[in-house]
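Computed from the coordinates by the stated procedures, all read-outs in this text should not be read as laboratory data. Please read all numbers here as calculations on a predicted model, not as lab measurements. Glycine gets a Cβ as well: all are built from the backbone with ideal geometry, and neighbour counts include every protein chain shown.
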Amino acid sequence: MGWSLERDDGTVTEWERSDGYATVRLRERTDGEFVVRLDVMEQAADDSTYERERFDDRDAAEERAVAWRDARDLDD
């Protein structure tokens, strides 16, 4: 299953997995750092998970967001 971009307003970028049970969110903090979080709900076919990481720059945060989406993608 793929991911779709659900929100991108310059501060928050969020992707949702096509089954609706997982999201990855990247947001810029007021101090200029970036936070990426993975949220996989309990009803998902894979394990329930909540992870959050903080980064100094957007490129590193985007790399983590891509890695989480790739790791949590479901086969069709």
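Which FRET efficiency, nearest 0.05, do V66 and E42 yield, Cβ-Cβ r, R0 25 Å?
Once rounded, the FRET efficiency stands at 0.55.
Can you tell me what the convex hull of the Cα atoms of the chain projects to on average, as an area in nm²?
4.7 nm²
Treating only the Cβ of Lys, Arg, Asp and Glu as charged (+1, +1, -1, -1), what charge dipole size does the chain show about its Cα centre? Round to the nearest 20 debye.
With Lys and Arg at +1 and Asp and Glu at -1, about 220 debye.
Set Lys and Arg Cβ to +1 and Asp and Glu Cβ to -1, take the dipole of the chain about its Cα centre, and tell me which of G10, G32, A61 lies farthest positive.
Of G10, G32, A61, it is G32.
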